[in-house]
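What follows is a single structure, written as structure tokens, with notes after it.
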Amino acid sequence: MLEIRNLHVTVGGKEILKGIDLDIRAGEVHAIMGPNGSGKSTLSYVLAGRDGYVVTEGSIRFKGKDLLEMNVDERAAAGVFLAFQYPLEIPGVTTMTFLKTALNAQRRARGEEELDAVRFLKLVREKSRPLNVSDDMLKRSLNVGYSGGEKKRAEVLQMSLLEPVLAVLDETDSGLDIDALKTVAEGVNALRSPERAMVVITHYQRLLDYIVPDVVHVLSQGRIVKTGGKDLALELEKSGYAEYGADAA
Amino acid sequence: MAAVKETVETVGEIEKYKYGFFTDIESEKAPLGLTEDTVRFISAKKDEPEWLLEWRLAAFRRWQTMTEPTWAKVTYPPIDFQDAYYYSAPKQTVKLDSLDQVDPKLLETYEKLGIPLTEQKMLAGVAVDAVFDSVSVVTTFKEKLAEAGVIFCPMSEAVKKHPELVKKYLGSVVPSSDNFYATLNSAVFSEGSFVYIPEGVRCPMELSTYFRINEKQTGQFERTLIIADKGSYVSYLEGCTAPQRDENQLHAAVVELIAHDDAEIKYSTVQNWFPGDEEGKGGVYNFVTKRGDCRGENSKISWTQVETGSAITWKYPSCILRGDNSRGEFYSIAISNGRQQVDSGTKMIHLGRNTTSRIVSKGISAGRSSNTYRGLVSVHRKAENVRNFTQCDSLLIGDRCSAHTVPYIETKNPTAILEHEATTSKIGDDQLFYCMQRGIGEEEAVALIVNGFCRDVLQQLPMEFAVEAQKLVGISLEGSVG
């Protein structure tokens, strides 16, 4: 589903990713671990198509198409979803309105019929319940005054509603206590399916206790330096990132 | 002077291009320029009583001694007031046979605004066929209003049919000597609306509905007078979300509102006049004086405005809170793009006891525009227990525009409690990226963020209109990013 070949990326003239190769098939969950500054978030932004992240070499193919040729919103409509480490606040726009605008924009882009208010409301209710997202929260401005846990739950709700093909979760565990982490992880696990791939970016092994990956990659200084099974994460937890040429976390 | 002439010509060019025809209408124009004879000519044309002519002449003489105000943060070439026509007989609007003859760009905007087809035809000046009998609709409205005892008619008709009311109230809120533009208006105003709501009557409909169906003739110097007698209520909507083009470059309207005991007036405006081309050429100069007088106890006046058009906007809808326990409100969205310049705000003059006011102003600047909020909250010596809350928020899009906030506060009574909150923010690249990552296109994302920013004010608009206004917000900012 996703093929990354020899990907080089510079940000502000500085090379951050120095030749990444990665293959992800439908149904797989890949974890990308690494110390701060290793290029984890850069990888997520390049996949989403953020401005200022310049691909100098290499390619990314998504479902057989050249991902780098597509705009940010086109990628989203094609099924790329990024759960943000720090979700943005949109004052005055209720979570409900935002969700509806996003879902219908994607449906429009795919040539599907937009959902009317009634059908949409039913869908949102259905998706909100397991994530403990209350009606009150849906009526508040998106992410404004949300706690850390609420923000991450709102991200997972968006993901659940938009049903992406490829979900990238950037440090979804940051700022969460253990209960919030469990709720979020359950939400993510519920979305695991044979048609969907996930990339879980994290610094700590902790999250991977709850979202168990099929493959673990260690990213260090812009390169994938090791790839293994879920045990690799446990190993890292013990030994730290020192042997991969980075300061211990 | 030359610059103005040039701009006027530019407008002419644009109009010619836009509509693809140029008609030489044999209109009865007053001679070029402004003299006492012009004023007499206008008054005679309208067959006005002697007192009104005298009133106009007094204003004209006063105007000759006045100079244009220069304190606003707007710049434009000097206006030659002698190089303009101050009266022409009602324009013969050219009726088109079908929408096919209308500029497709205009239709595209109507489409985006979601204006119903029949209304699109009326706005574009297409003759409406008999299937939809507009006349009967208007008549129904008129009957309904008459039943309630509401007077709603053109100013010139009111002068003839209800001279006692006009004489009593005209100029009682905005005196003919008020300011340069109001005085000019007093001398040469040609048309406008007159509304009188009798005691205890709740006007049975938004006075907008009628207007939107009745193709509105915007004059250069409009004069509107609304009187809400004791315990009455009226909601009045001026303007239209559809873009309005006008060959008159200078507009100087006056609006006066009077609310007696326990009466309430809600006045909403959507202004979407031609803002000029990309270089700011040819746009409308809008110098408006709007003032409401809460004359009675427990009265209330609420101004809501959405300003997206005009090259220059100079406008401060205000409230004089004379009656005890009266309340004034001002909700404003001012959007400037391209080279537009907006200097707008309000004045809340607290004279009575326990008077309260609320100001919520949302300024959005994009392109190379300049957007200034200028407001005054004044508390007089005898006004006990005054409360005011002011909130001024500015939103910047891009890095070539500017936003300014100039609040004036004067209080002569120590019991007053005045609050002022102000914020300035910028639509961030990260906010846009976030929306777009969810599949929302760039322009839709900007519209979404801006509508969120304006929500408090949009909620004040009459329901059917709020939806259109929301769309308008998006449309006025098209092309502001990227």
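The values are calculated or read from the model by the stated rules, or taken from the named source; none is laboratory data. Only a predicted model underlies this, so the values are computations on that prediction, with no experimental measurement involved. Ideal geometry is used to build each Cβ from the backbone, glycine not excepted, and the neighbour counts take in all protein chains shown. Surface areas here come from the heavy atoms of the whole protein model, side chains and all, with no ligands, DNA or RNA. Shrake-Rupley method; radii C 1.70, N 1.55, O 1.52, S 1.80 Å.
Provide, as a two-decimal number, the C-alpha radius of gyration of region A:1-139 over 2.2 N^0.38 Å, N being how many residues it has. Before the final figure, lay out the partial values.
On the way: Rg = 17.6 Å, N = 139, 2.2 N^0.38 = 14.3 Å.
Normalised Cα radius of gyration, region A:1-139: 1.22.
Accessible area of region A:116-193 with a 1.4 Å probe: how many percent of it is carbon plus sulfur? Before the final figure, lay out each step's value.
On the way: 1660 of 3280 Å².
That fraction is 51 percent.
Could you state the principal axis extents of the C-alpha atoms in region A:2-244, from the largest down, to the nearest angstrom?
Dimensions of region A:2-244 along the principal axes of its Cα atoms: 53, 39, 34 Å.
Which entries in B:347/B:382; A:122/B:112; B:281/B:347; B:362/B:426; B:73/B:112 show an alpha-carbon gap greater than 21 Å? Please report the intermediate quantities before stating the final value.
On the way: B:347/B:382 18 Å; A:122/B:112 28 Å; B:281/B:347 31 Å; B:362/B:426 13 Å; B:73/B:112 33 Å.
With Cα atoms farther than 21 Å apart: A:122/B:112; B:281/B:347; B:73/B:112.
Please report the Cα spread of region B:263-302 along all three principal axes, rounded to whole Å, starting with the longest.
That works out to 49, 15, 8 Å along the principal axes.
For region B:381-432, evaluate the Debye formula with one uniform point scatterer on each Cα (no solvent term) and list log10 I(q)/I(0) at q = 0.18, 0.22, 0.30 Å⁻¹, rounded to two decimals.
-0.69, -0.85, -1.16
If the cut-off is 12 Å between C-alpha atoms, which aspartates and glutamates fall inside it for residue B:230, apart from same-chain ones fewer than 8 positions away?
B:199, B:261, B:262, B:264, B:297
Please name which of B:151, B:346, B:451 has its Cα lying farthest along the dipole of the protein assembly as shown towards the positive end, using unit charges on Cβ (Lys, Arg +1; Asp, Glu -1) and the Cα centre as origin.
B:346
Can you tell me the alpha carbon radius of gyration of the protein assembly as shown divided by the globular rule-of-thumb value 2.2 N^0.38 Å? Please report the intermediate quantities before stating the final value.
Numbers: Rg = 30.7 Å, N = 731, 2.2 N^0.38 = 27.0 Å.
So the Cα radius of gyration is 1.14 times the expected 2.2 N^0.38 Å.
Evaluate the relative contact order of chain A (contact order divided by residue number), counting alpha-carbon pairs under 8 angstrom at least 6 apart; express in whole percent. Don't jump to the answer; show the numbers that get you there.
Numbers: 450 pairs, mean separation 71.5, N = 249.
Across chain A, relative contact order equals 29 percent.
Could you name every residue in region B:436-466 that has 10 Å² or more less accessible surface in the full protein assembly than in its own chain alone (probe 1.4 Å, ligands and nucleic acids excluded)?
B:436, B:437, B:438, B:439, B:440, B:441, B:444, B:448, B:449, B:452, B:455
Using a probe radius of 1.4 Å on protein heavy atoms only, what is the accessible area buried between chains B and A, both sides summed, to the nearest 100 Å²?
Working: alone 21260 and 11810 Å², together 31000 Å².
Accessible area lost upon association: around 2100 Å².
Suppose only helical runs count, i.e. DSSP H with n ≥ 4. What mean residue ellipticity at 222 nm does that imply for the protein assembly as shown under -39500 (n - 2.57) per run, divided by all residues and rounded to the nearest 500 deg cm²/dmol?
Working: 23 runs with 235 residues, N = 731.
Mean residue ellipticity, 222 nm, calculated: -9500 deg cm²/dmol.
Rank B:271, B:233, B:82 by how far each Cα sits towards the positive end of the charge dipole of the protein assembly as shown (+1 on Lys, Arg Cβ; -1 on Asp, Glu Cβ) and give me just the farthest.
With unit charges placed on the Cβ atoms, the residue in question is B:233.
Keeping every protein chain present and rolling a 1.4 Å probe, give me the accessible area per residue for region A:11-143 in Å². Mind showing how you got there, number by number?
On the way: 6140 Å² over 133 residues.
Accessible area per residue: 46 Å².
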